Amino acid sequence: MMSAEKAPLFEISLNDLASYLEIPVSELREDLKEKYSYNSTSISLPPEIVRQIFSKRGIVYPKKVISVQMLKGGVAKTTTVLNIGLRAAMYGARVLFIDLDQQANLTYSLGVESEDLPVWLDIVEKKHTVEQCVISLESHVDLIPSNLNNSVLDRVLLNSNRNWAQAIQAPLNIIKNNYDLILIDTAPALSATNTAVTVASEIVLLPLNPDKFSWLGLQKNLQELEEIKKDFGLNFATQILLTKFDAREKFSHEILQKCSQHYGSNLISSYIRTSSEVKNTIRTQKTLFHGRSTAKDDYDLVTREIMGLNQKSQDKGELNELTR
Ligand SMILES: Nc1ncnc2c1ncn2[C@@H]1O[C@H](COP(=O)(O)OP(=O)(O)O)[C@@H](O)[C@H]1O
Ligand SMILES: [Mg+2]
């Protein structure tokens with residue numbers, strides 16, 4: 001396993017964590033000193049410590065494999081993978097990012113130069129094992145990068161004699177247990193690769209933008225997913241995430257209403273508002289979560305919803321126990 005430069009980018013601010021735990025920051029600091037012998041004056045906490053705090057509270061991270069798909073480009077697939085993954089890692093989850101888009105936006109966003117690195121194609125062609133493709137970004141945050149070589153993945157899969165539909169799932173099974181959350185970013189296409197991704201997914205997350213083409217794309221994508229479900233006898237869940245919601249635009253409200261009528265519980269209850277703060281890169285040494293913005297709050301809520309981290313009121317007793 002290769003190691004990229006270690007960054008405090010995956011740390012959650014003490015303010016954010018205290019607010020999540022519904023306790024004053026001073027209390028959190030005290031607690032860290034007393035119970036975790038953590039004497040840092042730092043304003044943020046590494047995932048390891050957050051994980052310990054959560055584990056003491058009895059919070060388990062549900063294990064999930066989520067792919068983000070949509071045949072239309074520019075709908076915020078990569079942004080969604082990046083920010084849910086970052087936030088889940090900040091909450092202490094063990095996260096694996098998998099980039100399967102040959103454009104490698106996710107890889108680039110995570111600060112990795114991938115031209116000479118092995119990618120999923122190399123796993124399929126048996127040139128590298130899946131473990132050899134994993135890059136460590138932080139102690140519990142990994143990436144399987146992408147680069148242009150993956151642009152022939154589709155053809156290689158279709159020409160292969162082996163069971164191409166297993167091309168993602170089978171290698172993934174080898175390393176799956178190392179992670180709580182596996183997030184797969186995909187190219188905008190209905191392709192053999194994306195079918196294999198769907199076969200490996202427990203949840204297919206579909207970002208939807210408030211525009212007509214996006215709505216039509218969603219219908220097409222959902223039909224295709226139904227076909228795949230039938231053909232392969234699968235039972236993955238589909239979830240729709242409304243992104244680039246603009247409160248000043250009528251169509252944003254219309255599509256929100258239409259979605260909740262049509263898709264009910266398949267629609268993620270938080271939606272992502274447009275925000276000039278959305279950055280598709282951590283190369284600036286700052287993530288969305290190091291500033292303040294509507295998109296930060298929105299992705300925080302979506303991450304909690306997906307990771308099941310919203311039950312804290314039920315854990316109050318335990319929390320009080322911990323913070324007393
Ligand atoms: N909530 C948002 N507000 C403003 N811009 C956004 C938001 N989400 C994504 N973007 C921008 O939209 C563009 C496309 O996003 P991206 O995640 O690359 O889409 P995809 O991966 O589906 O092609 C990027 O420039 C990104 O910064
Ligand atoms: Mg993308």
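FYI, it's all coordinate maths here, none of it is from the lab. This is a predicted model, so every value here is computed, not measured. All Cβ positions, glycine included, derive from the backbone under ideal geometry; neighbour counts span all protein chains shown.
Close amide H contacts of Ile272 (hydrogens built in the peptide plane, cut-off under 5 Å, sequence separation of 5 or more or a different chain): Leu242, Thr243, Lys244, Phe245. Annotation for the stretch 95-180: trypsin sites (Lys or Arg not before Pro) lying in DSSP loop with at most 14 further Cβ atoms inside 10 Å of their Cβ are Lys126, Lys127, Arg162. Given the options Leu71, Asn159, Asn194, identify the residue whose Cα lies farthest towards the positive end of the charge dipole of the chain (+1 on Cβ of Lys, Arg; -1 on Cβ of Asp, Glu). Sorting the options by dipole projection puts first Leu71.
Can you tell me what share of the DSSP beta bridges in the chain is antiparallel? A percent to the nearest 5 is fine. Intermediate values should be presented prior to the final figure.
Working: 5 of 32 bridges.
Among the beta bridges of the chain, antiparallel pairing accounts for roughly 15 percent.
Once you sort the root eigenvalues of the Cα gyration tensor of the stretch 34-118 as a ≥ b ≥ c, which label holds: rounded (a/c under 1.5), prolate (a/b larger than b/c) or oblate (the other case)?
Details: a/c = 2.79, a/b = 1.92, b/c = 1.45.
Because a/c hits 1.5 or more and a/b exceeds b/c, the stretch 34-118 counts as prolate.
Within the listed set Pro207, Pro24, Pro188, the residue fluctuating most in the Gaussian network model of the chain (springs between alpha-carbon atoms under 10 angstrom) is Pro24. In terms of distances greater than 28 angstrom between alpha carbons, the cross-link table entries Lys126/Lys296; Lys35/Lys296; Lys127/Lys176 yield Lys126/Lys296; Lys35/Lys296.
Among the trypsin sites (Lys or Arg not before Pro) found in the stretch 222-278, those both in a DSSP coil and sparsely packed, with 13 or fewer other Cβ atoms within 10 Å of their Cβ, are Arg248.
Take the residue pairs Lys220/Lys258; Lys212/Lys258; Lys56/Lys77 and return only those whose Cα atoms are more than 22 Å apart. Lys56/Lys77, as the Cα separations exceed 22 Å there.
The Stokes-Einstein estimate for the stretch 2-323, based on a Kirkwood radius over Cα pairs and taken at 37 °C with 0.692 mPa s viscosity, is a diffusion coefficient of 161 µm²/s. A Cβ-based charge dipole, computed about the Cα centre of the stretch 2-323 with Lys and Arg at +1 and Asp and Glu at -1, lands at about 420 debye.
One Cα centroid belongs to the stretch 123-160, the other to the stretch 233-278; the line between them spans 31 Å. Neighbours of Leu28 by Cβ distance under 12 Å: Lys/Arg scored +1, Asp/Glu scored -1, total -3. In the chain, the calculated helix contribution to ellipticity at 222 nm averages -12500 deg cm²/dmol per residue, counting -39,500 (n - 2.57) for every DSSP H run with n ≥ 4.
Could you pull out the longest piece of the chain with no exposed loop GluC sites (Glu not before Pro) in it, calling a site exposed if DSSP puts it outside H, G, I, E, B and it has at most 15 other Cβ atoms within 10 Å? Let's see the in-between values first.
Numbers: sites that count: Glu5, Glu22, Glu113, Glu115, Glu125, Glu202, Glu249, Glu277.
Within the chain, the longest run free of exposed GluC sites (Glu not before Pro) spans 23-112.
Computed from phi, the 3J(HN,Hα) profile of the stretch 131-146 under the Karplus parametrisation 6.51, -1.76, 1.60 (θ = phi - 60°) reads 4, 5, 8, 7, 10, 8, 9, 7, 4, 10, 10, 10, 9, 9, x, 10 Hz, with x in place of Gly and Pro.
So for Val302, Val152, fewest C-beta neighbours within 10 Å to most, what's the order?
Val152, Val302
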